[in-house]
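Have a look at the structure below before the remarks.
The values are calculated or read from the model by the stated rules, or taken from the named source; none is laboratory data. Bear in mind the structure is a predicted one, so any value in this text is a computation, not a measurement. Cβ: placed from backbone, ideal geometry, glycine included. Neighbour counts: every protein chain shown. The accessibility values were calculated without ligands, DNA or RNA, using every heavy atom of the protein model including side chains. Shrake-Rupley method; radii C 1.70, N 1.55, O 1.52, S 1.80 Å.
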Amino acid sequence: MTAVLLIEDDDRIRLSLAMALEDEGYTAYTAATAEEGLAEQRRRPAETVLIDLMLPGMDGYECIRQLRRTDDVPIVVVSARDDTHDIVAALEAGADDYVVKPVAVKELAARLRALRRRARTVTQQAVPTTSVLTFGDLEVRPEAGEVRLRGEAVAVTRTEFRLLCELADHPGLVLSRQQLLQRVWGHEFGDERVVDVHVGRLRHKIEPESGNPRHLVTVRGLGYKLQP
């Protein structure tokens, strides 16, 4: 059974969501604060972390940042806050996805299954013909799970890596935000800001000038493409 860590300070929500996830076949670990959640993840690592933003003491944003320093676990924010600033801030902190309360458990379970599938997918299935994809001074190595810029390894999250591989699999072709949501996150429909924030994070890592990208470019009104 897949273990999920739920960090939520509302006792009623925490209990009901944990029970609903267990009904969906998950093992649910729970924590009422960020500090408890970080300790729990160190003690018995879950395969996915669900986290609220408004927590007592350390807030959800800082908890995400601390998790990201040592752990590449998929992180899904589950929050009542649906303002663009909050969503972008959570994704920039390192979250992989964002779900707005009240939560439809079936939808949440579907998103967790998609994250799990994508995390376990052998990336070379998408790129079976070569082990290195080169875009000028940028190299994507799907089989090795590596990204290199001018020969130096670039640290990316699993979601950033999957996004880059998906674009690398279609060199020079434009992929829309909805296409990327479906292929990388497994969503038929969803918030396109998730894609935009992850593209922005990637640009800071692979572009000499993130504000003037050379490799990962925007095609206005259409989407994104990867080019030499």
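Among residues of the range 65-94 being of a type outside the set (Gly, Ala, Ser) and touching a strand residue (DSSP E or B) at 6+ places or on another chain (Cβ under 6 Å), the one that is farthest from Glu160 (Cα to Cα) is Asp82.
With respect to Asp59, determine if the residue is among the acidic types (Asp, Glu), farther than 23 Å from Gly186 by Cβ and in contact with a Leu (Cβ under 7 Å, 6 or more places away or on another chain). It is true that Asp59 is among the acidic types (Asp, Glu), farther than 23 Å from Gly186 by Cβ and in contact with a Leu (Cβ under 7 Å, 6 or more places away or on another chain). When His85 is tested against the conditions (1) under 19 Å from His198 (Cα atoms); (2) over 16 Å from the mean Cα position of the chain (by Cα); (3) not small (Gly, Ala, Ser); (4) not in a helix (DSSP H, G or I), the lone failure is (4).
Condition check ((1) at pLDDT below 95; (2) aliphatic (A, V, I, L, M); (3) open to solvent by 50 Å² or more (accessible area, probe 1.4 Å)) across all residues:
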{"residue": "Gln125", "(1), (2), (3)": "yes, no, yes"}
{"residue": "Pro128", "(1), (2), (3)": "yes, no, yes"}
{"residue": "Leu133", "(1), (2), (3)": "yes, yes, no"}
{"residue": "Asp137", "(1), (2), (3)": "yes, no, no"}
{"residue": "Glu143", "(1), (2), (3)": "yes, no, yes"}
{"residue": "Glu160", "(1), (2), (3)": "yes, no, no"}
{"residue": "His170", "(1), (2), (3)": "yes, no, no"}
{"residue": "Gln182", "(1), (2), (3)": "yes, no, yes"}
{"residue": "His187", "(1), (2), (3)": "yes, no, no"}
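Got at least one residue in the range 46-68 being of a type in the set (D, E, K, R), part of a helix (DSSP H, G or I), open to solvent by less than 40 Å² (accessible area, probe 1.4 Å) and over 22 Å from Asp11 (Cα atoms)? Within the range 46-68, none of the residues are of a type in the set (D, E, K, R), part of a helix (DSSP H, G or I), open to solvent by less than 40 Å² (accessible area, probe 1.4 Å) and over 22 Å from Asp11 (Cα atoms). Picking from residues in the range 91-106 that are within 14 Å of Gly60 (Cβ to Cβ) and in a loop (DSSP other than H, G, I, E, B), the one that is most open to solvent (accessible area, probe 1.4 Å) is Lys101.
In the range 69-90, the residue that is least open to solvent (accessible area, probe 1.4 Å) out of those that are among the acidic types (Asp, Glu) and within 21 Å of Pro102 (Cβ to Cβ) is Asp86.
Taking each residue of the range 195-209 that is more than 22 Å from Asp97 (Cα to Cα) and looking for partners that are surrounded by fewer than 17 Cβ atoms within 10 Å (Cβ to Cβ) and of a type in the set (D, E, K, R) with beta-carbon atoms closer than 7 Å, six or more apart or interchain, yields Glu207/Arg214.
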